[in-house]
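Okay, so here's the structure we're looking at.
Please treat every number below as a calculation from the coordinates, not as lab data. Bear in mind that the values here come from a model prediction, so they are computed numbers and not experimental data. We place every Cβ from the backbone using ideal geometry, glycine too, and count neighbours over all the protein chains shown.
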Amino acid sequence: MARRRVLLLLKPFDVYPPRPSSSSPRAANPKVLNYLDDRCRVHKDTINFCQSVLQRKSLDWKPLLRNHLSHRMCDADLVITVGGDGTLLQASHFLDGSIPVLGVNSDPTRLEEVDELNDEFDATRSTGYLCAATAGNFEQVLDEILEGHKHPTELARLSVNLHGQQLSTFALNDILVSHPCPASVSRFSFRIKSECQRSPHLVNCRSSGLRVSTAAGSTAAMLSAGGFPMPISSHDLQYMVREPIFPRATDVPLMHGLVKPDQSMHVAWYSQEGVVYIDGSHVFYSIQHGDIIEISSEAPILKVFLPHRLLT
């Protein structure tokens, strides 16, 4: 029987802020420096620990920094990401629905540290909302997966069509459609279309943009903006017009709502320039006046091993 192939995808170390020089005014608080140094050390220790666990198993595995990903992954039976939600999201852009992914939160927040340092700076670390493992339980979770006792959940993703052409990246969390400069007003209109609805209402918007999230992303930026959390298994999309400027009374109830699996959102962009950001700021596509953007849940699912708290 062939050994299982595992890709260990790693958050790089250069994402951590460099230590300021001793002459820099930024170096005034040594607790901040110690905190940053410790974050990098903990991440490195978690990588080394995960590698040592994989070394003891009967697996074919190889490590890869996430910024070295360049094409879709098809030569693995399991992808393990070591970092946080950002590393798992980046991996999702290179995965179809056949290869499951396990997220390891390499640097989880320590509540006692946050309480201790709260009056000096924000000491939160990695949220790891979608990560089922940490260094503390990685081997146990991995064994449950290898023995068939733990199964992945199929998460819905979001698809974007531009001029009738599907963008190559599917969003696991959300997309943001906005002007490249957040201080500029975005002008756009949208309709929620379905086969059974002949003349859907047109909503005209002047705002700071439009956010659309999946169920997995409904507890991220969408929730912070006043949205609501959705069941993790839902295939609905949640949308919100950001900071609308004097909407018509008839449009107000439509500034925030759901796009059902049998529906799609059609957005007409009327600003000179714009950007579709996918799962954060690193993946984006430029748009311009007159472009039509179609958003739906017609996208391949992603298999993710989720933490127990999201399954109850």
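Data for the structure
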{"item": "Gain in span if fully extended, THR127 to HIS68, counting 0.36 nm per residue against the direct Cα distance", "result": "18.9 nm"}
{"item": "Ratio of Rg to Rh over region 100-169 (Cα coordinates, Kirkwood Rh, two decimals)", "result": "1.17"}
{"item": "Among LEU78, LEU142, LEU223: highest mean-square fluctuation, GNM of the chain, C-alpha pairs under 10 Å", "result": "LEU223"}
{"item": "GNM flexibility winner over the chain from THR250, THR109, THR46 (Cα, springs under 10 Å)", "result": "THR250"}
{"item": "Principal axes of region 159-299: Cα extent on each, largest first, Å", "result": "37, 35, 31"}
{"item": "In nm, spacing of pseudo-spin labels at SER224 and ASN137 (7 Å Cα→C-beta vector)", "result": "2.6"}
{"item": "Distance from region 24-85 to region 262-281 (C-alpha centre basis), Å", "result": "33"}
{"item": "Helical contribution to [θ] at 222 nm, DSSP H n ≥ 4, -39,500 (n - 2.57), averaged over the chain, rounded to 500", "result": "-5500 deg cm²/dmol"}
{"item": "For region 4-151, projected area of the alpha-carbon convex hull averaged over all directions, nm²", "result": "9.9"}
{"item": "For region 62-79, Karplus couplings with θ = phi - 60° (6.51, -1.76, 1.60), whole Hz, Gly/Pro x", "result": "8, x, 8, 5, 5, 6, 9, 5, 9, 8, 4, 8, 9, 10, 9, 9, 8, 10"}
{"item": "In the chain, lysine pairs closer than 21 Å at Cα, eight or more apart or cross-chain", "result": "11"}
{"item": "Choice from ALA220, ALA132, ALA123 showing the highest fluctuation, given a GNM over the chain with Cα pairs closer than 10 Å", "result": "ALA123"}
{"item": "Kyte-Doolittle mean at least -1.0, axial Cα span of 30 Å or more - DSSP H helices of the chain", "result": "30-56"}
{"item": "Intensity falloff of the chain expressed as log10 I(q)/I(0), Debye formula with alpha-carbon point scatterers, at q = 0.13 Å⁻¹", "result": "-1.01"}
{"item": "DSSP bridge pairs, the chain: antiparallel proportion in percent, nearest 5", "result": "70"}
{"item": "Radius 11 Å from Cβ of HIS201, net charge of other residues (Lys, Arg +1; Asp, Glu -1)", "result": "+2"}
{"item": "Residues PHE228, PHE305, sorted so that the one with the fewest Cβ neighbours within 10 Å comes first", "result": "PHE228, PHE305"}
